[in-house]
Amino acid sequence: MNRHDGRRPDQGRAISIETDVAPYAEGSCLIATGDTRVLCTASVVAGVPKWRERSGAGWVTAEYAMLPRATHTRTDRERTGPKGRTQEIQRLIGRSLRSVTDMKAMGAYTVTVDCDVLQADGGTRTASITGACVALSLAAGWMIQEGLVQRSPIRERVAGVSVGIVDGVACLDLDYREDSSAQVDMNVVATESGGIVEVQGTAEGDPFPRRDLDAMLDLGMSGIETLLAAQASALRG
């Protein structure tokens with residue numbers, strides 16, 4: 001199968017991660033996967049939500065937004081609060097980050113990771129997770145430097161990638177053109193130790209067989225290895 005951009009079915013888009021792009025944030029990066037670009041910034045503040053105060057543990061949360069011209073036509077800002085899709089995505093990002101964070105080691109601090117989509121061409125939620133992990137890791141390093149924590153609260157890294165069935169073939173890292181016509185759309189989030197954090201998969205028409213699920217999951221885990229390598233390279237500077 002020849003994909004419209006010349007990639008093989010098992011080939012992800014080009015990825016780049018530039019760190020320290022927001023100098024006022026405790027951790028930041030600009031991640032690009034193909035033509036999708038997301039700015040991720042991590043902010044550290046003292047204190048935790050009230051329901052968390054007696055736990056002796058910190059907290060990590062995330063917010064997600066898409067700039068009005070991140071898409072081909074302008075999208076209105078969500079001035080009255082995040083819509084359902086936005087809420088679902090930022091909860092996914094937060095769950096993914098918390099899955100690899102030792103909250104006790106973080107102490108009584110809250111880290112909020114903001115993921116702002118500058119340009120959208122498919123896979124914005126998975127790119128946000130991959131970039132958010134880098135920003136969070138940098139913020140953890142800052143906390144160590146400032147003497148706020150004794151060791152990094154990040155146990156391991158996490159990344160996400162999209163997969164799907166396009167024209168009957170399992171494909172890795174769908175762009176918008178592929179995603180909009182895919183028979184199955186799925187997102188895979190996993191850690192560097194191979195643990196699966198979340199799998200979101202939907203048939204856009206007819207149900208799909210178990211073998212397709214297995215093929216997509218294998219593709220996703222392979223793609224995540226590449227993303228984890230890109231994270232490691234960015235964090236080494």
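Values quoted throughout were computed directly from the atomic coordinates according to the rules given, and no laboratory measurement underlies them. What you are looking at is a predicted structure, and each value in this text was computed from that prediction instead of being measured. Cβ sites come from the backbone with ideal geometry, for glycine too, and all protein chains shown count toward neighbours.
Structure data summary
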{"read-out": "Segment 1-74 - convex hull of the alpha-carbon atoms, volume per residue in Å³", "value": "172 Å³"}
{"read-out": "Rough spin-label spacing in nm, given labels placed 7 Å along Cα→Cβ, for Ala14 and Thr80", "value": "4.2 nm"}
{"read-out": "Highest to lowest packing among 174-180, 161-167, 137-143, scored as the average C-beta count within 10 Å", "value": "161-167, 137-143, 174-180"}
{"read-out": "Diffusion constant of segment 1-135 at 20 °C, which comes from Stokes-Einstein with the Kirkwood Cα-pair radius and 1.002 mPa s, µm²/s", "value": "134 µm²/s"}
{"read-out": "Cα pair distances in segment 103-159, grouped into 5 Å bins until the bin that holds the longest one, percent each", "value": "4, 19, 26, 21, 13, 9, 6, 3, 0"}
{"read-out": "Rel. contact order, % - alpha carbon contacts under 8 angstrom, at least six apart, the chain", "value": "22 percent"}
{"read-out": "Derived scalar couplings ³J(HN,Hα) [segment 90-100; Karplus, 6.51 cos²θ - 1.76 cosθ + 1.60; whole Hz; x for Gly, Pro]", "value": "5, 5, 4, 4, x, 4, 5, 5, 5, 5, 10"}
{"read-out": "Table column - 3J(HN,Hα) (Hz), segment 51-57, Karplus curve with 6.51, -1.76, 1.60, x for Gly and Pro", "value": "5, 9, 4, 8, 7, x, 10"}
{"read-out": "Beta bridge orientation in the chain: antiparallel %, DSSP, nearest 5", "value": "85 percent"}
{"read-out": "Nearest-ten-degree value, helix 124-145 long axis tilted from longest Cα axis of the chain", "value": "20 degrees"}
{"read-out": "Packing rank of 6-15, 45-54, where each peptide gets the mean count of other beta carbons within 10 Å, highest leading", "value": "6-15, 45-54"}
{"read-out": "Test item: Cα-centred dipole of the chain, Lys/Arg +1 and Asp/Glu -1 on Cβ, debye", "value": "720 debye"}
{"read-out": "For Asp121, distant residues with modelled amide H under 5 Å away", "value": "Thr36, Arg37"}
{"read-out": "Cα centroid separation - segment 42-116 against segment 148-200, whole Å", "value": "18 Å"}
{"read-out": "Convex hull volume of the chain per residue (C-alpha atoms, cubic angstrom)", "value": "134 Å³"}
{"read-out": "Karplus (6.51, -1.76, 1.60) ³J(HN,Hα), θ = phi - 60°, over segment 176-182, in Hz, Gly and Pro reported as x", "value": "4, 4, 6, 4, 6, 10, 5"}
{"read-out": "Extension gain (nm, one decimal) between Leu67 and Arg54, 0.36 nm per residue minus Cα-Cα", "value": "1.0 nm"}
{"read-out": "Virtual spin-label span in nm between Arg98 and Val199, 7 Å along Cα→Cβ", "value": "2.3 nm"}
